[in-house]
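Asks: Take this structure first; my questions come after.
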Amino acid sequence: MTDFEKIEDQYGLNLFQKRGITLVKGKNAIVWDKNGKEYIDCTAGHGVAGIGHANDDLVAALSSQAAKLITCTGSFYNEERAKLMKKLVEISPKGLEKVFLCNSGTESVEAAIKFARLSTGKTDFICAMRGFHGRTLGALSATHNPKYRNDFQPLIPGFHFVPFNNIEKIKENITDATAAIMLEVVQGEGGVHPANPEYLEKVQALCKEKEILFILDEVQTGFGRTGRLFACEHYNLKPDLLCLSKAIGGGFPVGAVLCSSSINIALGKHGTTFGGNPLACAAALASINFLLKNDLPEQSAKKGQYFAEKFPADKLEKVRELRQIGLMIGIELKEKSQPYITKLQEMGILVLPAGVTVIRLLPPLTIEYEQLDTVINSLTKVLSNQSED
Ligand code: PLP
């Protein structure tokens, strides 16, 4: 252990399961540790570095904006913020007209919860079992897993959980107090479980019929991850609120909530000091422009398909199921995934868990095909019986 690893352990709260390596730099889908060892990064900072590490356009935008103006609260107009807001509305599903900018995924969910309560005058939400929406108290109240919730009770009342992909259970849980239904399009932290197409469309129709708001949390699925710019574009979906973060800033902390005209928020009812600062807006603009210019959603679809065709899931004893949508990939094992994640790291491949038995891959959308081949070969080796020798 180097001195600064010891220092981080000494002074940091012990919140993260450390993986025993220190990353010092990155370029596209590769990161290097302090010893110069190279890794193919299929974590991308938990799905953040969609445009790859140290993207030249992003670096240039950050440097030039940093030299101009870093901070500027929402009380003052700012060109970068205006451009980002316009861009987000232009690229998002039709009907989303207004933007709230913040700094993280959980803040975007937090804001959506408040906006839904304010706009409807109602208190309750229906969310999905296995869903994940963040760690602040509102977003945590919407998150199902007792592992995250239990130590923080009592949470905000009025959140009801139903099995994902079950429309009848939603119907049973709607009451006069229901403000909104909030779902992920693909449950990411819950193990990479895509929604059935007809499910989300039925939820949307139900929301219309019952005059309930429909909130989609695309914090993880947004910005090309699933092979479309937004995962809801795989279906005919027009949410009232769309929560975004992670890849929006290419690695710089940014969050956003896009709102339809049914969302009405009076002056001063919500706010943020850092949200929409010019540096974050410049990062998000550069990141989105790069994503669009290089057809990264399309690339994500093709590369995800390539992975699914080449990875021999059905020939590997240990694999229960491969779930893949674009470059959002979950390999469910018949046993715990952690030993394999550790082994892959030793082999120079960084992957994520999602729950206890799933290996999750969220590589930069710019990952090269040869790198995908290396990932596939390493996974195959690790998950075949020979790896136990
Ligand atoms: N919503 C979803 C779907 C997520 O996957 C996450 C994080 O993984 C969050 C919200 C919370 O985002 P953050 O960690 O930026 O607060």
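Asks: Quick one: how many residues across segment 222-242 are more than 22 Å from LYS210 (Cα to Cα) and either within 12 Å of the ligand (Cβ to nearest atom) or not hydrophobic (A, V, I, L, M, F, W, C) (or both)? Reasoning before the result, please.
Replies: Within segment 222-242, the first condition is being more than 22 Å from LYS210 (Cα to Cα), and the residues that meet it are 222-231, 233-234.
Add one more test, that the residue is either within 12 Å of the ligand (Cβ to nearest atom) or not hydrophobic (A, V, I, L, M, F, W, C) (or both), and what stays is 222, 224-228, 231, 233-234.
Here the count works out to 9.
Asks: Additional query: Only one residue in PHE274, PHE252, PHE214 is farther than 30 Å from LYS336 by Cα, open to solvent by less than 30 Å² (accessible area, probe 1.4 Å), modelled with pLDDT of 95 or more and not polar (S, T, N, Q). Which one?
Replies: Values: PHE274 fails: open to solvent by less than 30 Å² (accessible area, probe 1.4 Å); PHE252 fails: open to solvent by less than 30 Å² (accessible area, probe 1.4 Å).
Matching residue, one of PHE274, PHE252, PHE214: PHE214.
Asks: I'm trying to understand the selection: among the residues of segment 117-129, which are under 19 Å from HIS270 (Cβ atoms) and buried (at least 24 other Cβ atoms within 10 Å of the Cβ)?
Replies: Keep residues of segment 117-129 that are under 19 Å from HIS270 (Cβ atoms), which gives 117-123, 125.
PHE125 - this is the single residue of segment 117-129 that is under 19 Å from HIS270 (Cβ atoms) and buried (at least 24 other Cβ atoms within 10 Å of the Cβ).
Asks: On to the next question. Inside segment 21-117, counting only helices (runs of 4 or more DSSP H) that do not spill past its ends, which hold 2 or more residues that are of a type in the set (D, E, K, R) and over 23 Å from the mean Cα position of the chain (by Cα)?
Replies: Details: elements: 44-47, 56-68, 79-91.
Here the list reads 79-91.
Asks: In segment 343-361, which residues are touching a Lys or Arg at 6+ places or on another chain (Cβ under 8 Å) and among the β-branched types (Val, Ile, Thr)?
Replies: Across segment 343-361, the qualifying residues are VAL351, VAL356, THR357.
Asks: From the list GLN204, GLN187, pick out the single residue that is among the polar types (S, T, N, Q), open to solvent by 20 Å² or more (accessible area, probe 1.4 Å) and in contact with a Lys or Arg (Cβ under 9 Å, 6 or more places away or on another chain). Quick ask: steps written out before the conclusion?
Replies: Numbers: GLN187 fails: open to solvent by 20 Å² or more (accessible area, probe 1.4 Å).
Matching residue, one of GLN204, GLN187: GLN204.
Asks: Here's a follow-up. Could we say that LYS98 is farther than 23 Å from ALA256 by Cα, modelled with pLDDT of 95 or more and open to solvent by 20 Å² or more (accessible area, probe 1.4 Å) here? Write out each step before concluding.
Replies: Values: farther than 23 Å from ALA256 by Cα: no; modelled with pLDDT of 95 or more: yes; open to solvent by 20 Å² or more (accessible area, probe 1.4 Å): yes.
Taking the combined requirement at face value, the residue does not satisfy it.
Asks: Then there's this: Cβ contacts < 7 Å: first residue of a type in the set (A, V, I, L, M, F, W, C), restricted to segment 126-146; second residue assigned to a loop (DSSP other than H, G, I, E, B) and within 11 Å of the ligand (Cβ to nearest atom), any location; separation 6+ or different chain. Result?
Replies: CYS127/ALA142; PHE132/THR143; PHE132/GLY188; PHE132/GLU189; PHE132/GLY190; ALA139/HIS133; LEU140/GLY134; ALA142/HIS133
Asks: Listed residues LYS34, LYS83, LYS6; which is open to solvent by less than 90 Å² (accessible area, probe 1.4 Å) and among the charged types (D, E, K, R)?
Replies: Among LYS34, LYS83, LYS6, only LYS34 is open to solvent by less than 90 Å² (accessible area, probe 1.4 Å) and among the charged types (D, E, K, R).
Asks: Could you please find all residues in segment 130-171 being open to solvent by 70 Å² or more (accessible area, probe 1.4 Å) and within 16 Å of the ligand (Cβ to nearest atom)? Walk me through how you get there before you give the answer.
Replies: Of all residues in segment 130-171, those open to solvent by 70 Å² or more (accessible area, probe 1.4 Å) come to 130, 135, 137, 147, 150-154, 157, 168-169, 171.
If the condition is that a residue be open to solvent by 70 Å² or more (accessible area, probe 1.4 Å) and within 16 Å of the ligand (Cβ to nearest atom), then ARG130, ARG135, LEU137, LYS147, PHE152 are the ones that fit.
Asks: Separate question: Which numbered condition trips up SER262, out of (1) among the small types (Gly, Ala, Ser); (2) at negative phi; (3) open to solvent by less than 10 Å² (accessible area, probe 1.4 Å)?
Replies: The single condition SER262 does not satisfy is (3).
The values are calculated or read from the model by the stated rules, or taken from the named source; none is laboratory data. Note that the structure is predicted; figures quoted are calculated from it, not measured. Glycine also receives a Cβ, built like all others from the backbone with ideal geometry; neighbour counts cover every protein chain displayed. Accessible surface areas use protein heavy atoms only, side chains included; no ligands, DNA or RNA. Shrake-Rupley method; radii C 1.70, N 1.55, O 1.52, S 1.80 Å.
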